[in-house]
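Right, I'll just put the structure down here and ask away after.
The values are calculated or read from the model by the stated rules, or taken from the named source; none is laboratory data. A quick note: this is a predicted structure, and the numbers were derived from the prediction, not measured. Positions of Cβ are generated from backbone atoms using ideal geometry, with glycine treated the same way; all protein chains shown enter the neighbour counts. Each accessible area value is taken on the protein alone, full model and side chains, heavy atoms only, with ligands, DNA and RNA left out. Shrake-Rupley method; radii C 1.70, N 1.55, O 1.52, S 1.80 Å.
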Amino acid sequence: MKRQFLWGSATASYQCEGAWEEDGKGPSMWDDYFHHVNPNAVSGDVACDFYHHYEEDLQMMQDSHQNTLRLSLSWPRIFPNEDQRVNQRGVEFYHRVLDSMIAKGIEPNVTLYHWDLPAYLQKKGGWLNRETAFAFAQYADFCFREFGSKIRIWVTLNEPYYSTQCMYGSGNYPPNEKSGQKFATAIYHYVLASALAVQKFRQYENIGEIGIVADVHPCYGVDESEACQRAVYLADQLYNGCILDPVLKGHFPQALIEALSTTYDFSFMRQEDEAIIKQGIVDFIGLNYYNRSYIRPYQSGPSMVAHNNAGIRDAKKEDEEVKRVMVVKDLFEKIEDPNGTFTEWDFEIYPQGIYQICMEVTRKYGNVPIYITENGIGLHETLDNGTVHDDARISFVEQHLHYLLQAKADGADIRGYYMWSTMDLYSWMNGNEKRYGLVYVDFKTQKRYPKKSFAWYRDFIDAHQDI
Ligand code: NOJ
């Protein structure tokens, strides 16, 4: 029987729920960070208060004919303390949300971990500590048992590459460190965690499918030279292969490890983990696509990553020709295409990249089922007569969907598409001002206002039910 294509949108627990300490929830590493380390920054304490507004939000999803929501569970809402006693009120909240979704015909696509690590685990080293991977598997196992009758689509982790880069590469996210060694260690433990959770999942019957969500970055070289092709090859292994290879092939990309092992110590990769990672192969892959990577060979200087959290287009050039966004010493540099189009947060708008990455994944990993688990554009927006005329978002999504449907027609097994985001969410270090939603949220009153894209998406879905 042909499965219905899933058309929906996505959220994440810390970015939408609020209620940071309600009904027995424990602190996550983000709560600790905003309350103790960086108290002047905007936190997600309240966010868009999905905890109290979920009925209204789900109703709006149904009104716009979306048949699926990607959401995540907050680990510290379920296991608030180190004693590992279950917080029943947190569990009941998720049952209420899932029941309401099912009643409305909205298929749950549930991520177990979207960056809100319990604070007690962060204090013990977080993802640098391999014990976190085993703790994650225990938590995942509980969720499979508890929610297994209501969830058919499971995701272990969200964006292991990007979140690690932010925690330990650029230092943009807590614990704000810049260490290639820690960056590599944390990625590895993430992959181990996912594999351990998949192993647990396989013990259940009739519980649906499990995948992982990777941020993907199709890599393009600045020219055709051999040096550039080598740089692109390594950049692709770092940005895409270091997650996609282990979860779809069962091992890490060898060329990348060889290239890095002159600088970093890979002894955290234990032999006993090899079998676990081999058995951790997922059923589908979730791809978050926002932009591409434009690559040239390494030229000079130490490794670095730049971030623009200010929301003011920053085309500042470090050298005479181009702006460098990331340097991996001795391997490659990621630069801005001087002819590219960028958002205010320096994200290049490159719709054809979604085609390229879907086809590459299909080719390299044997026609694996794909969900586009996030795609969208962050904008500064204001209300205008009760709505937002977000033509830029409509145009962005329309162009990406054009290329996505082309990839589907060319053989990629694409099963669903999720716009980021369902409504305006709290956006990590970008606070509340980087808006991605189909629905505008007034964060002071928590009132919701559908944007122009809301009706546009509904009509698009109606016209593409039967694809
Ligand atoms: C990816 C992440 O999963 C999400 O949490 C974030 O807010 C969006 N990208 C937008 O940057």
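Report for the chain the percent antiparallel among DSSP-assigned beta bridges with both residues inside it, nearest 5.
Percent antiparallel among DSSP bridges in the chain is about 35.
Now for a separate question. For the ranges 81-87, 397-403, what's the packing order if you count other beta-carbon atoms within 10 Å of each residue, average per peptide, and put the highest first?
Put in order of decreasing packing, that is 397-403, 81-87.
Farthest toward the dipole's positive end in the chain, which of Gly376, Val46, Leu405, given Cβ charges of +1 (Lys, Arg) and -1 (Asp, Glu) about the Cα centre?
Looking along the dipole axis, the top candidate is Leu405.
Order 225-233, 61-69, 192-200 from most to least packed using the mean count of other Cβ atoms within 10 Å.
The most tightly packed comes first, giving 192-200, 61-69, 225-233.
Rounded to the nearest whole Å³, what is the per residue volume of the convex hull around the Cα atoms of region 181-290?
Dividing the Cα hull volume of region 181-290 by its residues yields 109 Å³.
Another question, then. Just the number, please: carbon plus sulfur as a percent of the accessible area of region 169-239, 1.4 Å probe, no ligands or DNA/RNA counted.
After summing per-atom areas, the C and S share lands at 46 percent.
With +1 on each Lys and Arg Cβ and -1 on each Asp and Glu Cβ, how big is the dipole of region 165-318 about its Cα centre, in debye rounded to the nearest 20?
About 360 debye.
Follow-up question, since we're still on this one. Probe radius 1.4 Å, ligands and nucleic acids ignored: give me the carbon and sulfur share of the accessible area of region 357-424 as a rounded percent.
In region 357-424, the share of accessible area belonging to carbon and sulfur is 47 percent.
If you stretched the chain out fully between Glu226 and Glu205, how much longer would it get, using 0.36 nm times the residue separation minus the C-alpha to C-alpha distance? Show your work: numbers first, answer last.
Details: separation 21, 0.36 × 21 = 7.56 nm, distance 4.93 nm.
Roughly 2.6 nm would be gained on extension.
Might you report the magnitude of the Cβ-based charge dipole of region 234-385 about its Cα centre, with Lys and Arg at +1 and Asp and Glu at -1, to the nearest 20 debye? Intermediate values should be presented prior to the final figure.
On the way: 14 positive and 24 negative charges, 65 e Å.
Here region 234-385 has a charge dipole of around 320 debye.
Would you mind telling me the antiparallel percentage of the DSSP bridges in region 1-121, rounded to 5?
10
Now for a different question. How much solvent-accessible surface does Val368 expose, in Å² to the nearest 10, with a 1.4 Å probe and all protein chains in place?
For Val368, the solvent-accessible surface is approximately 10 Å².
For Ala455 and Arg363, what is the calculated FRET efficiency with R₀ set at 45 Å and r taken between the beta-carbons, to the nearest 0.05?
Computed FRET efficiency for Ala455 and Arg363: 0.75.
Here is a follow-up. Full-extension gain between Asp45 and Glu82, please, as 0.36 nm times their residue separation minus the C-alpha to C-alpha distance.
11.2 nm
Something else: Work out which helices of the chain, taken as complete DSSP H runs, extend at least 24 Å along their axis over the Cα atoms and score a mean Kyte-Doolittle of -0.5 or more, then list them.
Values: long enough: 130-147 (26 Å, -0.07); 180-201 (32 Å, 0.57); 391-409 (27 Å, -0.14).
Within the chain the helices that satisfy the rule are 130-147, 180-201, 391-409.
Over region 212-316, average the accessible area per residue using a 1.4 Å probe and give it in Å², no decimals.
44
Let me ask another. Starting from the Kirkwood radius over alpha-carbon pairs of the chain, derive D by Stokes-Einstein at 4 °C in a medium of 1.567 mPa s and give it in µm² s⁻¹.
Result for D is 58 µm²/s.
Let me ask you something else. Per residue, how many Å² of accessible area does region 420-467 show with a 1.4 Å probe? Walk me through the numbers on the way to the answer.
Details: 1790 Å² over 48 residues.
Per-residue value: 37 Å².
What distance in nm separates the simple spin-label points at Ser149 and Ile257, each placed 7 Å from Cα in the Cβ direction?
4.3
If I stretch the segment between Ala315 and Asp462 completely, what's the gain in nm (0.36 nm per residue apart, minus their alpha carbon distance), one decimal?
The span from Ala315 to Asp462 would gain 49.0 nm if fully extended.
5 Å is the cut-off here: which amide hydrogens, built 1.01 Å from N in the peptide plane, fall below it relative to Glu159, excluding neighbours closer than 5 in sequence?
Val213, Ala214, Asp215
How large is Rg over Rh for region 1-107, taking Rg from the Cα atoms and Rh as the Kirkwood inverse mean of 1/r across Cα pairs?
Rounded to two decimals, Rg/Rh equals 1.03.
Something else: What spacing in nm lies between the two simple spin-label points modelled at Ser300 and Asp442, each 7 Å away from Cα in the Cβ direction?
Result: 5.4 nm between the two label points.
If you don't mind, there's one more thing I want to ask. By its C-alpha gyration tensor, with a ≥ b ≥ c as the square roots of the eigenvalues, how is region 86-214 shaped: rounded for a/c under 1.5, else prolate for a/b larger than b/c, else oblate?
Prolate shape, in that a/c is at least 1.5 and a/b is the bigger ratio.
May I ask for the equivalent-ellipsoid semi-axes of region 26-174, computed as the square root of five times each C-alpha gyration tensor eigenvalue and listed largest first in whole Å?
After diagonalising the Cα gyration tensor, the semi-axes are 27, 18, 15 Å.
Sort 89-100, 409-420 for me by packing, meaning the mean count of neighbouring Cβ atoms within 10 Å per residue, highest on top.
Descending packing order for the listed peptides: 409-420, 89-100.
Report the charge-dipole magnitude of the chain in Debye, nearest 20, computed about the Cα centre from +1 at each Lys and Arg Cβ and -1 at each Asp and Glu Cβ.
Rounded to the nearest 20 debye, it is 700 debye.
OK, next. Of Asn176, Asn67, Asn308, which is farthest along the charge dipole of the chain in the positive direction, counting Lys and Arg as +1 and Asp and Glu as -1 at C-beta?
Of the listed residues, the answer is Asn67.
Then there's this: Can you give me the orientation-averaged projected area of the convex hull built on the Cα atoms of region 364-467, in nm²?
7.8
Given points 7 Å out from each Cα along the Cα-Cβ axis, report the Glu55 to Glu131 separation in nanometres with one decimal.
4.3
Taking R0 as 60 Å, what FRET efficiency do you get between Asn339 and Ala275 from their Cβ-Cβ distance, rounded to the nearest 0.05?
FRET efficiency, Asn339 to Ala275: 0.80.
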